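Structure, as structure tokens:
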Amino acid sequence: MNTIDMRSDTVTWPTEAMRTAMAQAEVGDDVYGDDPTINRLQAMSTERSGKAAALFVPSGTMGNLIAFLVHCQRGDEAILGDLAHPFLYEGGGMAALGGVQPRTLPTAPDGTLALEDIQAAIRADDPHYPITRLIALENTHNRRNGVPLTKAYIDEVGQLAKQHDLKLHIDGARIFNAAVALGTPLAELVAAADSVTFCLSKGLCAPVGSLLCGSEDFIARALRLRKQLGGGMRQAGILAAAGIVALEEMVERLAEDHARAAALAEGLAAFEALSVPTPHTNIVRFELNPQAGLSGEDLLAGLAAEGVKIGMGGPWGFRAVTHYWIDDAALEQTLAAFSKVLQG
Ligand SMILES: *Cc1c(COP(=O)(O)O)cnc(C)c1O
């Protein structure tokens, strides 16, 4: 990358190995189920997730939307965190397209929803109330500094869901970051969930695509909805080929991104102008001290002039995400840019 782009891990380019695999991919019409490369990626995802079936979808947003639409009927209620991606950043799709009412609960700093809160939010069987149908968790949690949710916690929520005949969905856009950080294989981590989505297009570097995993019946219904939403693609094995490389070559190395995020946070913490909590995975969130003598926009513009892009949320909040294209030299250059902007 010519600039150092840490606005997100979605900015990652495909690797050389991906471009080669894409160029050579065997393809067919996936709406007919004829694309061998898509079928292989779905089989790999089935195995990795420990679910019975998997479906390639164009985006994490569509994967989550389909999950909400399969699990819930119009007027049903879904319990999720007030900082959850499908609540904040997916265009209100569950409400707009599914008539699903989000019931938000406070998100703890560790990304969890309190079990007591979930319990209290589950509706009694009373015609005044909507029907509670689904609990959705996010792993890793984007707005909570990329914190991973543990298997122990997910299992507890899963048990609660079962007791009340609810479904459990995991928005696992960055679930491989969680699996690697926790040292828990994906299938174990999501064993208690009825469905899970994960993105190939973030830290795993593939250009496009997410997987939605669940039971055979769930995926059969998801397939109809994907078509309805316009997500049935034809020779999409071109994309799946990159996804296969992502699963085979790009998962274990996420630990390097986590180590660089820790190093970046440590470097940033040395600046008095910044408060930097310790990151958990590849997301470094930090705040500019309002007394520092420059605005958030000044910091952003100053860094951009040095060839460093980061994300901004709120007047003083920032996010830098490490990924495959951020090496040690890029980290050094980033810290030098901060030094120049903050200390002149
Ligand atoms: C990126 C992201 C999504 C959506 O993925 P897209 O592929 O960008 O639609 C969903 N949930 C979380 C937590 C994300 O970070």
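Among the residues making up region 211-225, a single one is crowded, with 24+ Cβ neighbours inside 10 Å and either touching a His at 6+ places or on another chain (Cβ under 8 Å) or of a type outside the set (A, V, I, L, M, F, W, C) (or both): GLY214. Considering each residue of region 93-100 in turn, at least one proves to be open to solvent by less than 30 Å² (accessible area, probe 1.4 Å) and within 11 Å of the ligand (Cβ to nearest atom). Of all residues in region 1-18 being touching a residue at least 40 places away in the same chain (Cβ under 8 Å) and charged (D, E, K, R), which is surrounded by the fewest Cβ atoms within 10 Å (Cβ to Cβ)? Here the answer is ARG7.
Residues in region 42-82 that are in contact with a Pro (Cβ under 9 Å, 6 or more places away or on another chain) and surrounded by fewer than 23 Cβ atoms within 10 Å (Cβ to Cβ): ARG48, GLY50, THR61, GLY75, ASP76, GLU77, ASP82. The C-beta contact set for region 284-296 (first residue part of a strand (DSSP E or B), second residue open to solvent by 50 Å² or more (accessible area, probe 1.4 Å), distance under 7 angstrom, 6+ apart or interchain) comprises ARG285/PRO277; PHE286/SER275; GLU287/SER275; GLU287/TRP316; LEU288/TRP316.
If you scan region 229-245, which residues turn out to be in a loop (DSSP other than H, G, I, E, B) and either out of contact with any Phe, Trp or Tyr (no Cβ under 8 Å at 6 or more places or on another chain) or surrounded by fewer than 23 Cβ atoms within 10 Å (Cβ to Cβ) (or both)? Passing the criteria: LEU229, GLY230, GLY231, GLY232, MET233, ARG234, GLN235.
If I filter region 169-210 down to residues being assigned to a loop (DSSP other than H, G, I, E, B), away from the ligand (no atom under 14 Å from the Cβ) and not β-branched (Val, Ile, Thr), which single residue comes out as surrounded by the fewest Cβ atoms within 10 Å (Cβ to Cβ)?
Narrowing region 169-210 to residues assigned to a loop (DSSP other than H, G, I, E, B): 173-174, 183-185, 190-194, 200-209.
Subset that is away from the ligand (no atom under 14 Å from the Cβ): 183-185, 190-194.
Then drop every residue that is not not β-branched (Val, Ile, Thr), which leaves 183, 185, 191-194.
Details: GLY183: 7, PRO185: 13, ALA191: 16, ALA192: 20, ALA193: 28, ASP194: 23.
Taking the candidates together, the pick is GLY183.
Residues that are among the hydroxyl-bearing types (Ser, Thr, Tyr) and open to solvent by 60 Å² or more (accessible area, probe 1.4 Å) are absent from region 108-127 altogether. Contact annotation: residue pairs with Cβ atoms under 7 Å, 6 or more positions apart or on different chains, pairing a residue in region 237-266 that is more than 25 Å from HIS280 (Cα to Cα) with a partner that is of a type in the set (Lys, Arg), are ILE244/ARG40. Quick check: is even one residue across region 290-310 open to solvent by 20 Å² or more (accessible area, probe 1.4 Å) and under 30 Å from LEU69 (Cα atoms)? No, because not a single residue in region 290-310 is open to solvent by 20 Å² or more (accessible area, probe 1.4 Å) and under 30 Å from LEU69 (Cα atoms).
Among the residues making up region 316-335, those that are within 24 Å of the chain's Cα centre (by Cα) and either in a strand (DSSP E or B) or over 22 Å from ARG253 (Cα atoms) (or both) are TRP316, GLY317, PHE318, ARG319, ALA320, VAL321. Of all residues in region 51-84, those satisfying the criterion of being within 14 Å of the ligand (Cβ to nearest atom) and assigned to a helix (DSSP H, G or I) are GLY60, THR61, MET62, GLY63, ASN64, LEU65, ILE66, ALA67, PHE68. The set of residues from region 22-41 being buried (at least 23 other Cβ atoms within 10 Å of the Cβ) and assigned to a helix (DSSP H, G or I) comprises THR37, ILE38, LEU41.
The values are calculated or read from the model by the stated rules, or taken from the named source; none is laboratory data. Everything numeric here is computed off the predicted structure, so don't read it as measured data. Counting neighbours? That spans all protein chains shown, and the Cβs are built from the backbone with ideal geometry, glycine included. What goes into the accessible areas is simple: the full protein's heavy atoms, side chains included, and nothing from ligands, DNA or RNA. Shrake-Rupley method; radii C 1.70, N 1.55, O 1.52, S 1.80 Å.
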